[in-house]
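Notes follow once the structure below has been shown.
The values are calculated or read from the model by the stated rules, or taken from the named source; none is laboratory data. Everything numeric here is computed off the predicted structure, so don't read it as measured data. Reconstructed Cβ throughout: ideal geometry from the backbone, glycine too, with neighbour counts over all protein chains shown.
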Amino acid sequence: MLDLLPDLFDHNEASLQLLRGDFRQFGARRLFWGEVVTVKCFEDNSKVKDVLAQPGRGKVLVVDGGGSSRRALLGDMIAQSAVDMGWQGIVIFGYVRDVAALARMDIGIQALGAMPIKTAKHGVGEIGVPIEINGVKITAGMQLYADDNGIAVSDSVLDLSFLG
């Protein structure tokens, strides 16, 4: 299975919201889904690092970085921590760095683009708060589904048995 979202929308369009934007794939896992965990931060990835150092089986971290292109909110060391802790994926409304390393990691990563400059670390940000990205409200506990076709969220777990 290479594509999830087209079939998922065919079977569950009323239950899904498409996260619009120019997100790009950066991780080796091109198709991923799971329970949403949220972080809201701006040019400081301290909370991203904290969350991804915790067990994440079946979970996807969604980061509202305000779309800032001045600092990368994820790099290879934090992403490797996420892989080690079993996270399914990371979606960043912001930028990443170390893209060659990220491309080899078995995790889904989508972000707006690449930026080589790291963030300051001041411990600023919020975990588990409602966020809004391009008009879509996202809360912890929602479900996120992503592939090369895009990113969608749902209030509940959707039946994927049609995948075969």
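Let's see how each residue does on (1) over 19 Å from Leu16 (Cα atoms); (2) modelled with pLDDT under 95; (3) buried (at least 17 other Cβ atoms within 10 Å of the Cβ):
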position	(1), (2), (3)
Ile78	yes, no, yes
Gly89	no, no, yes
Met115	yes, no, yes
Glu126	yes, no, no
Asn134	no, no, no
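Where the second residue is outside any helix (DSSP H, G or I) and of a type in the set (Phe, Trp, Tyr) and the first is farther than 11 Å from Ile127 by Cα and without any contact (Cβ under 8 Å) to a residue 60 or more places away in the chain and lies in the stretch 40-53, which pairs have Cβ atoms under 9 Å and are six or more apart or on separate chains?
Close Cβ pairs satisfying both conditions: Leu52/Trp87.
May I ask you to list the residues in the stretch 85-108 that are out of contact with any strand residue (DSSP E or B) (no Cβ under 9 Å at 6 or more places or on another chain) and over 21 Å from Tyr145 (Cα atoms)?
Ala100, Ala101
Within the stretch 1-14, how many residues turn out to be surrounded by fewer than 17 Cβ atoms within 10 Å (Cβ to Cβ), under 19 Å from Asp148 (Cα atoms) and either touching a helix residue (DSSP H, G or I) at 6+ places or on another chain (Cβ under 9 Å) or free of Cβ contacts under 8 Å to residues at least 12 places away in the same chain (or both)?
Let us first name the residues in the stretch 1-14 that are surrounded by fewer than 17 Cβ atoms within 10 Å (Cβ to Cβ), namely 1-3, 6-7, 10-11, 13-14.
Then drop every residue that is not under 19 Å from Asp148 (Cα atoms), which leaves 1-3, 6-7, 10-11, 13.
From what's left, either touching a helix residue (DSSP H, G or I) at 6+ places or on another chain (Cβ under 9 Å) or free of Cβ contacts under 8 Å to residues at least 12 places away in the same chain (or both): 1, 7, 10-11, 13.
Count: 5.
Can you say whether Val39 is β-branched (Val, Ile, Thr), under 14 Å from Gln25 (Cα atoms), under 15 Å from the mean Cα position of the chain (by Cα) and modelled with pLDDT of 95 or more, as far as the supplied structure shows? Step through it out loud before you land on a result.
Details: β-branched (Val, Ile, Thr): yes; under 14 Å from Gln25 (Cα atoms): no; under 15 Å from the mean Cα position of the chain (by Cα): yes; modelled with pLDDT of 95 or more: yes.
No: the conditions fail for Val39.
Do we have any residue at all in the stretch 15-33 that's outside any loop (DSSP other than H, G, I, E, B) and surrounded by 20 or more Cβ atoms within 10 Å (Cβ to Cβ)?
Within the stretch 15-33, the subset outside any loop (DSSP other than H, G, I, E, B) is 15-18, 24-25, 32-33.
In the following step, the residues that additionally are surrounded by 20 or more Cβ atoms within 10 Å (Cβ to Cβ) were identified as 32-33.
Yes: the stretch 15-33 contains one or more residues that are outside any loop (DSSP other than H, G, I, E, B) and surrounded by 20 or more Cβ atoms within 10 Å (Cβ to Cβ).
One line per residue, one yes/no per condition, for (1) touching a Lys or Arg at 6+ places or on another chain (Cβ under 9 Å); (2) without any contact (Cβ under 8 Å) to a residue 24 or more places away in the chain; (3) under 17 Å from Val48 (Cβ atoms):
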{"position": "Ser69", "(1), (2), (3)": "no, no, yes"}
{"position": "Gly75", "(1), (2), (3)": "yes, no, yes"}
{"position": "Leu102", "(1), (2), (3)": "no, no, yes"}
{"position": "Ile107", "(1), (2), (3)": "yes, no, yes"}
{"position": "His122", "(1), (2), (3)": "no, no, yes"}
{"position": "Thr139", "(1), (2), (3)": "no, no, no"}
{"position": "Asp148", "(1), (2), (3)": "yes, no, no"}
{"position": "Ser154", "(1), (2), (3)": "no, no, no"}
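For the stretch 137-157: of the residues being of a type in the set (A, V, I, L, M, F, W, C) and crowded, with 16+ Cβ neighbours inside 10 Å, which is nearest to Ala28 (Cα to Cα)?
As a first pass, look at the stretch 137-157 and keep what is of a type in the set (A, V, I, L, M, F, W, C): 138, 140, 142, 144, 146, 151-153, 157.
Remaining after also requiring crowded, with 16+ Cβ neighbours inside 10 Å: 138, 140, 142, 144, 146, 151-153.
Details: Ile138: 25, Ala140: 25, Met142: 23, Leu144: 18, Ala146: 13, Ile151: 16, Ala152: 19, Val153: 21 Å.
That would be Ala146.
Mind checking whether some residue in the stretch 97-107 is within 24 Å of Leu18 (Cα to Cα) and in a strand (DSSP E or B)?
no
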